Amino acid sequence: MIITAGFEGSITALAIFMLVNSITPGPNNLMLLHGSVKCGFWACRLHMLGITVGVTIMLWLSYWGMAALIISFPAVMLIIKILGTLYLLWLTYQMAKTDFITVVNDALKHEQQHKQANEVVIEVRKRFGELPLSFGQALLFQWLNPKAWTMTVVAPSLAMFHAGKPWLDNYALLAMCAIINLLSISCWAAGGHWLRTLVHLPRVMRVIHALIVLMTLYCALTLWL
């Protein structure tokens, strides 16, 4: 298939769109930031994979008509916004009541004990919805995340593949978007992991915790602005 300059431009536009929407602050990234500060980067691996797989599935469905369906029925997006807002408000409350410094210190001590004993760290069973999320929870959350919906519904209008091998082309597009998304959200998890080094500064950690909580609340409110 001959790739035209316009085709290449549409792919570039889609790549930039995915990068901007994946790496800018939003519910997914703030949840990863909070979870990685608590438990470290590696503990967020399933959460990150769940986000990327969920977004990729939604993008795939959008290319097969879901985007047009959502645009045709605005009430569907309204329901998503309501459910997403309720979840983010609940998450904000759960974050706010967490004793952040104690949780981080306990996690660090747990990791250090296992390292000294040369043991494999066994992940502690978490309550439902506790950060970082499991793979399945992160995947399902994308269906309540208005930012993920906006990203996946708009994407097909930026790069529509032409005649030739649409199946092969769509899979190449999905792979590109998945890689961009995973690398972008990984930056937030890595940033949270680095912030753990500041745990010896209680005041700084309290400020960081407060900022994450307020930013999550802001995400919930901006869905209606």
Margin query: If I ask for residues that are touching a helix residue (DSSP H, G or I) at 6+ places or on another chain (Cβ under 8 Å), within 28 Å of residue 97 (Cα to Cα), surrounded by fewer than 24 Cβ atoms within 10 Å (Cβ to Cβ) and of a type in the set (S, T, N, Q), which ones from region 17-65 would you list?
Written below: 29
Notebook entry, point to check: Mind checking which pairs have a first residue in region 145-163 that is within 16 Å of residue 178 (Cα to Cα) and of a type outside the set (S, T, N, Q) and a second that is part of a loop (DSSP other than H, G, I, E, B) and at pLDDT 90 or above, Cβ under 7 Å, 6 or more apart or different chains?
Noted result: 147/26
Note to self: Return the residues of region 190-225 that are in contact with a Leu (Cβ under 7 Å, 6 or more places away or on another chain) and among the aliphatic types (A, V, I, L, M); say none if nothing qualifies.
What the structure shows: 199, 204, 205, 208, 212, 215, 220
Next item on the list: Would you check which residues across region 166-217 are surrounded by 15 or more Cβ atoms within 10 Å (Cβ to Cβ) and out of contact with any helix residue (DSSP H, G or I) (no Cβ under 9 Å at 6 or more places or on another chain) and list them?
Entry: 169
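Out of 81, 126, which single residue is among the charged types (D, E, K, R), under 21 Å from the mean Cα position of the chain (by Cα) and at pLDDT 85 or above? Explain how you work it out, then say what you get.
On the way: 126 fails: at pLDDT 85 or above.
Going through 81, 126 in turn, just one is among the charged types (D, E, K, R), under 21 Å from the mean Cα position of the chain (by Cα) and at pLDDT 85 or above: 81.
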Notebook entry, point to check: Name the residues in region 130-155 that are under 15 Å from residue 26 (Cα atoms) and among the charged types (D, E, K, R), would you?
Noted result: 147
Next item on the list: Please work out if residue 157 is modelled with pLDDT of 95 or more and of a type in the set (S, T, N, Q).
Entry: no
Note to self: Given (1) within 16 Å of the chain's Cα centre (by Cα); (2) aliphatic (A, V, I, L, M); (3) modelled with pLDDT under 85, identify the lone condition not met by residue 67.
What the structure shows: (1)
Check: Of all residues in region 76-101, which are surrounded by fewer than 16 Cβ atoms within 10 Å (Cβ to Cβ) and under 11 Å from residue 214 (Cα atoms)?
Finding: 89, 93, 96
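The values are calculated or read from the model by the stated rules, or taken from the named source; none is laboratory data. Remember, predicted model here, so these are calculated numbers, not experimental data. All Cβ positions, glycine included, derive from the backbone under ideal geometry; neighbour counts span all protein chains shown.
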